[in-house]
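So the structure is just underneath, and the comments pick up after that.
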Amino acid sequence: MTGSAEAHHRHRDVSGGWLRPTVFGAMDGLVSNLGLISGVVGSSASSHTIAIAGMAGLAAGAFSMAAGEYTSVASQRELALAEIEVERRELARNPDDELAELTAVYVGRGVEPELAREVARQLSRDPDQALEIHSREELGVGPADLASPTVAALSSFGSFAVGALLPVLPYLLGGTAFWPGLLLALAGLFLCGAVVSRVTARSWWYSGLRQLLLGAAAAGLTYGIGALLDTALG
């Protein structure tokens with residue numbers, strides 16, 4: 001006797017949810033501050049100067065990320081709310097036309113016309129449910145799906161700050177060598193890349209290694225620029 005197969009299966013979070021802004025905020029912090037510190041190190045600056053530059057980069061980047069994320073999410077939310085309000089008014093003013101629209105959607109998906117109209121009619125009896133369904137079908141988003149600009153801004157600020165802290169942390173603890181911060185940053189980049197694989201089809205090691213190499217390339221490039229500027233302006 002064979003065991004019954006599972007009647008359900010689970011998918012990964014393809015929208016990214018909380019994962020996308022948090023992980024990518026940390027990645028931005030890591031890459032940008034690692035690049036900044038590498039450039040300053042390349043210019044033969046003192047460890048004191050490197051620490052100040054790193055913390056200045058952390059603060060500036062975190063505030064910039066938070067402001068940008070807040071503005072972006074707030075604008076997107078306001079646009080969606082305006083369009084949802086249009087849909088709400090149409091449902092109140094032209095219920096028959098909206099019912100026909102929803103019926104046509106289901107017919108287009110292969111439901112028989114009579115059944116499609118009955119399903120649409122039953123789903124439209126509750127005004128809130130009707131608004132939710134029409135918004136999702138026509139706009140691709142429902143009223144309950146809208147992200148909070150404040151949460152997005154705070155998430156971006158915090159994750160960027162954590163990422164940006166890694167390459168400068170050894171200097172804050174009294175270190176004078178660049179390599180401990182470099183290793184911390186590269187390890188953080190590999191971890192972030194591995195976590196991103198949860199919302200992609202790539203393996204964790206591939207995503208992690210790709211992000212590590214990109215961060216290392218950015219660090220090498222800015223180090224070279226810092227060294228060239230030090231020579232040219234020194």
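The values are calculated or read from the model by the stated rules, or taken from the named source; none is laboratory data. This is a predicted model, so every value here is computed, not measured. Reconstructed Cβ throughout: ideal geometry from the backbone, glycine too, with neighbour counts over all protein chains shown. These accessible areas exclude ligands, DNA and RNA; they are computed on the full protein's heavy atoms, side chains included. Shrake-Rupley method; radii C 1.70, N 1.55, O 1.52, S 1.80 Å.
Of all residues in region 43-85, exactly one satisfies the criterion of being modelled with pLDDT under 95 and within 22 Å of Leu212 (Cα to Cα), namely Met65. Would you say Tyr106 is at pLDDT 90 or above, of a type outside the set (D, E, K, R) and closer than 30 Å to Val31 by Cα? When the stated conditions are applied, Tyr106 does not pass them.
Go through the residues of region 56-74 one by one and say whether even a single one is acidic (Asp, Glu), open to solvent by 70 Å² or more (accessible area, probe 1.4 Å) and farther than 30 Å from Gly234 by Cβ. No, region 56-74 contains no residue that is acidic (Asp, Glu), open to solvent by 70 Å² or more (accessible area, probe 1.4 Å) and farther than 30 Å from Gly234 by Cβ. When region 59-101 is filtered for residues that are of a type in the set (A, V, I, L, M) and in contact with a Ser or Thr (Cβ under 7 Å, 6 or more places away or on another chain), the ones remaining, listed by number, are Met65, Ala66, Ile84, Leu99. The condition of being buried (at least 20 other Cβ atoms within 10 Å of the Cβ) and assigned to a helix (DSSP H, G or I) holds for only one of Ala100, Ala116, Ala53, Ala104, that being Ala53. Region 131-234 holds helices (runs of 4 or more DSSP H) entirely within its bounds, and those carrying 2 or more residues that are touching a helix residue (DSSP H, G or I) at 6+ places or on another chain (Cβ under 9 Å), within 30 Å of Ser75 (Cα to Cα) and among the β-branched types (Val, Ile, Thr) map to 149-172, 179-196.
Can you name every residue in region 215-234 that is open to solvent by 100 Å² or more (accessible area, probe 1.4 Å) and either over 14 Å from Val41 (Cα atoms) or charged (D, E, K, R) (or both)? The answer is Leu233, and nothing else. Which residue is modelled with the lowest pLDDT, if the candidates are limited to region 131-178 and must be open to solvent by less than 60 Å² (accessible area, probe 1.4 Å) and β-branched (Val, Ile, Thr)? Result: Val141.
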